[in-house]
Amino acid sequence: MGKMETTASINAQLPTLDNKSMGKHNFSIPQRVALWQAYNKRCAISGEPIFFDQLHIDHILPEKLLNNPEELEHLKVNYGLREDFDINSYYNWLPVKIKINLQKGGLIYSESNPRYYL
C-alpha cells in the first residue's frame, strides 16, 4: 500500500472529485477534507487508511429517515439526541471506505453503534 496522500496531491484531485454514489446530501470538498482529517485519514469503521479519492461519507442515521419523521423522532429520543439534531451535520457523518458505505446502504446500525458515534 502506498503512502498517504499529501495536501498537494489532494489539491490536484479537487477539480475531478464529485459526489457520485454519495447519497442525497451534496458534500462539499471542505466538508470531506475536514472529516477525513478529523479521523486521521482512516475509515471510521475499519480503521484502515483511506485515500481521499476513495473516501465516502456515511450517515450514522441514514438520510432516508428524513422521509420518515416519526421514526427519526423515535430514534432521537431513544438515542438521547437533541431536538435540533440534524441528519446532515458533522455529528452524523463518518468517513468510510467505499465498500463499507455501499454495503451498509440505508440500513440503520444496531443500537450500540450509533450510541458510540453520536
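The values are calculated or read from the model by the stated rules, or taken from the named source; none is laboratory data. Predicted model only: the values in this text are computed from it and were never measured. Please note: Cβ atoms are built from the backbone with ideal geometry, for glycine as well, and neighbour counts cover all protein chains shown.
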The range 72-99 residues that are without any contact (Cβ under 8 Å) to a residue 12 or more places away in the chain and under 17 Å from SER28 (Cβ atoms), paired with ones that are in a helix (DSSP H, G or I) and of a type outside the set (A, V, I, L, M, F, W, C) (beta carbon under 8 Å, 6 or more apart)
ASP86/ASN92
Selection from the range 33-87 of residues that are farther than 14 Å from ASN101 by Cβ and among the small types (Gly, Ala, Ser):
ALA34, ALA38, GLY47, GLY80
Scan the range 48-71 for residues that are crowded, with 17+ Cβ neighbours inside 10 Å, under 12 Å from the mean Cα position of the chain (by Cα) and of a type in the set (D, E, K, R) and jot them down.
ASP58
All positions within the range 72-86 that are surrounded by 14 or more Cβ atoms within 10 Å (Cβ to Cβ) and assigned to a helix (DSSP H, G or I)
LEU72, GLU73, LEU75, LYS76
Unique match (being modelled with pLDDT of 95 or more and either surrounded by 15 or more Cβ atoms within 10 Å (Cβ to Cβ) or of a type outside the set (S, T, N, Q) (or both)) among TYR109, TYR39, TYR116:
TYR39
Quick one: HIS56 ticks every box in (1) on the phi > 0 side of the Ramachandran plot; (2) part of a strand (DSSP E or B) except a single one, so which number is it?
(1)
